[in-house]
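Each value in this text was obtained by applying a stated rule to the coordinates, not by laboratory testing. The shown structure was predicted, so the numbers you read here are calculated from the model rather than taken from an experiment. So basically every Cβ, Gly included, is an ideal-geometry build from the backbone, and we count neighbours across all protein chains shown.
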């Protein structure tokens, strides 16, 4: 067996963080028993109640498809001088009207745990927000916290959300720095006029602060919010590395230490205990990064609603996608619509 070099360990860390963030913040294979793992990892930081008061929720599919897991991943833009998510949180993650969901992705993990789909919902998507008429989808979190965000997504998709994971700006920066930064490829030089940053064409190694600026740019990109979504997926893609599970199984102590660090920055919903997270994580032992596919909910085009620039969704294709997700056949559906899959080229 060859000696593990520092670069190998860094790739392992990047792979783990990517899977954690994309598939609910803590997806890692732990050898040994849950009792052993729980002795190594601190308690989970929970969000505000995410499912309280929700009625008439989508029902699960019958048969094997009902074993699939759907996780709503939110990145919030709360302007706080102290962390709002994770074990180090010193302030509430949600305060009415003070933040929106800057990033929203629905992560569908197949019933057999051998594939997953990361589906981005552009923050400017113009959708029904229960009790508030039509609005941008990111307004739901601001107006009603996690319960309204979950209800809005479930109303739009008719897909039942099983769990929620939330990370704020501080957490995103910290997670990126934890793995030594992420590499992205900028195909053409673009200028972020708001932040005063010029992204020159070529490869960039971004630290946490730079990565936050990269995924947050909207102005200066031809597709606006849609290009921004692709950047978010590009960063997540760079955090994924093949060979995750084979490498991690060989050093459970390293995994436990690292997961402890990750839990410092991420919060999950009230129904997800540490034992539940570890059990779910162990079920992913056959899931590899190559089997995680990325796409954005089908879009009809950009437009305006009053003074707001918005994203109009393609109702017909979106309905087909969500039906495929509910029936746990998202892979074959995406195979039939290859133009919707996010490629490696990010503008």
Report summary line: Checking rank on 215-226, 115-126, 198-209, 163-174, with mean other Cβ inside 10 Å and highest first, the result is 163-174, 115-126, 215-226, 198-209
**Report entry** Cβ-derived FRET efficiency at R0 22 Å, residue 300 paired with residue 62, nearest 0.05
**Finding:** 0.10
Query - By average C-beta atoms within 10 angstrom, highest first, the peptides 279-285, 54-60 - result: 279-285, 54-60
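If you stretched the chain out fully between residue 197 and residue 323, how much longer would it get, using 0.36 nm times the residue separation minus the C-alpha to C-alpha distance? Don't skip to the answer; put the middle values down first.
Values: separation 126, 0.36 × 126 = 45.36 nm, distance 4.09 nm.
This chain segment gains 41.3 nm when fully extended.
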Query raised in the report: When ranked by the protection proxy of mean other Cβ atoms within 10 Å per residue, highest first, what sequence do the peptides 331-339, 290-298 form?
Result: 290-298, 331-339
